[in-house]
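S.K.: This is the structure I have questions about; it appears just below.
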Amino acid sequence: MSITIIGLDTAKSVFQVHAIDKTGKAVIRRKLRRVELIPFFEKLDACTVILEACGAGHHWSRVLTGLGHDVKLIAPEAVRPFVKKGKKNDAADAEALCAAALPPDVKFVPMKTLEQQGILALHAVRALLVKQQTMLSNALRGLAAEFGVTVARGTDRLVELMALVKGDKTIPPRARQAIRELLGQYNAVRKRIQMLEAQIVDHARHDEAARRLATIPGIGPITSSLIAATVADFGVFKRARDFAAWLGLVPRQHSTGGKTRLGRITKTGNREIRKLLVLGATAMVYRAPQWNSAAGSWTRGALQRRPVRLVTVALANKIARIAWALMTRKEVYQAQGRIVTAAEAAA
């Protein structure tokens with residue numbers, strides 16, 4: 001029995017193995033418990049193991065690589081077409097993994113290191129706490145508004161809101177206590193976010209890839225740290241457009257009969273990176289009048305022809321392409337087309 005490829009469908013406690021030989025014939029179909037997985041692969045000769053790049057996929061890829069196997073991760077959406085219709089189960093999923101790895105044009109996902117996953121854990125917790133912070137802020141404002149107390153937008157206005165609540169004697173004591181509890185929870189979450197952001201900024205300052213990305217206008221330390229930790233190898237994207245497409249920043253196509261119809265962006269791929277790039281692009285759009293470069297000139301011209309939100313997304317696409325170019329060429333961002341003022345020329 002000569003095994004060449006093993007499709008391993010992972011789960012919490014039950015793992016499904018589907019092994020094929022060089023002719024593509026199935027030689028092993030077996031379920032393994034969690035405690036049986038490592039002993040099973042220790043007994044096998046080195047072969048190629050295919051896993052989905054989700055859940056604990058990166059953990060098991062590191063474990064099996066340590067046992068001498070060639071582990072490759074594949075995106076779940078690339079496996080889905082190979083699952084036999086009407087047979088969605090663990091055995092069918094493991095078989096589909098083997099089939100998905102056979103085409104010559106298949107693209108694999110680079111394995112993440114423990115350090116990268118550690119940084120991504122910080123980003124995941126921060127994103128969750130930011131959502132909770134927004135929920136608490138909205139709850140505070142909504143509860144106070146029920147008693148006729150409102151303030152202008154902005155998180156810095158919540159202290160003012162609490163002062164108005166305390167000064168309004170018509171608000172029942174229990175309501176004031178409820179609002180005070182929400183504000184205390186809001187402040188606690190805010191402190192945790194600041195602590196996490198300090199660690200993320202520290203990573204952005206010391207990581208070479210993150211420092212290179214941070215030179216791009218519209219990319220700050222949070223965004224650069226997340227991209228550097230998420231994308232282990234920019235070489236998997238052949239072109240800048242492929243990277244932008246992976247982030248879901250390219251328009252959907254509804255083309256037929258030689259007529260090209262473009263719709264809204266696909267919004268596929270990493271949602272958090274896409275969101276941060278759009279936020280960074282939004283900041284740069286508002287600074288466009290003072291943005292002295294070719295990119296700034298392009299942004300100002302686009303704003304004269306297109307709506308602001310459309311320009312923002314288009315600029316996020318451009319920033320993503322610039323990021324790919326810098327990372328593949330190992331360069332830093334240098335503004336092109338900067339206009340030299342008369343005062344600068346005289347100096």
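The values are calculated or read from the model by the stated rules, or taken from the named source; none is laboratory data. These figures come from a predicted structure and were not determined experimentally. All Cβ positions, glycine included, derive from the backbone under ideal geometry; neighbour counts span all protein chains shown. Heads up: the accessible areas ignore ligands, DNA and RNA and are worked out on the full protein's heavy atoms, side chains in. Shrake-Rupley method; radii C 1.70, N 1.55, O 1.52, S 1.80 Å.
S.K.: Here's a check for you: in region 230-275, which residue that is over 16 Å from residue 324 (Cβ atoms) and assigned to a helix (DSSP H, G or I) is least open to solvent (accessible area, probe 1.4 Å)?
M.R.: Only one residue fits best here, namely 272.
S.K.: Does residue 42 meet the test of being out of contact with any helix residue (DSSP H, G or I) (no Cβ under 6 Å at 6 or more places or on another chain), open to solvent by 50 Å² or more (accessible area, probe 1.4 Å), closer than 12 Å to residue 64 by Cβ and not in a loop (DSSP other than H, G, I, E, B)?
M.R.: Answer is yes for this residue.
S.K.: Go through (1) part of a helix (DSSP H, G or I); (2) under 29 Å from residue 293 (Cβ atoms) for residue 185 and report which single condition fails.
M.R.: Going through the list (1) part of a helix (DSSP H, G or I); (2) under 29 Å from residue 293 (Cβ atoms), residue 185 breaks only (2).
S.K.: Can you find even one residue in region 191-213 that is open to solvent by 20 Å² or more (accessible area, probe 1.4 Å), within 29 Å of residue 111 (Cα to Cα) and not in a helix (DSSP H, G or I)?
M.R.: Yes, some residue in region 191-213 is open to solvent by 20 Å² or more (accessible area, probe 1.4 Å), within 29 Å of residue 111 (Cα to Cα) and not in a helix (DSSP H, G or I).
S.K.: Taking region 65-117, which residues are among the aliphatic types (A, V, I, L, M), touching a residue at least 40 places away in the same chain (Cβ under 8 Å), part of a helix (DSSP H, G or I) and closer than 21 Å to residue 40 by Cβ?
M.R.: Hits for region 65-117 are 91, 94, 96, 97.
S.K.: Considering only region 153-172, I want to know if a residue exists there that is assigned to a helix (DSSP H, G or I), open to solvent by 90 Å² or more (accessible area, probe 1.4 Å) and at pLDDT 95 or above.
M.R.: Scanning region 153-172 turns up no residue that is assigned to a helix (DSSP H, G or I), open to solvent by 90 Å² or more (accessible area, probe 1.4 Å) and at pLDDT 95 or above.
S.K.: Then there is this: In a helix (DSSP H, G or I) and open to solvent by less than 10 Å² (accessible area, probe 1.4 Å), is that true of residue 32?
M.R.: Judged against the criteria, residue 32 is not a match.
S.K.: Answer yes or no: is there a residue in region 207-219 that is touching a Ser or Thr at 6+ places or on another chain (Cβ under 6 Å), at pLDDT 95 or above, under 14 Å from residue 324 (Cβ atoms) and not β-branched (Val, Ile, Thr).
M.R.: Looking through region 207-219, at least one residue is touching a Ser or Thr at 6+ places or on another chain (Cβ under 6 Å), at pLDDT 95 or above, under 14 Å from residue 324 (Cβ atoms) and not β-branched (Val, Ile, Thr).
S.K.: Tell me, which residue of region 276-325 that is assigned to a loop (DSSP other than H, G, I, E, B) and within 30 Å of residue 131 (Cα to Cα) is most open to solvent (accessible area, probe 1.4 Å)?
M.R.: Step by step, filter region 276-325, then rank; the result is 287.
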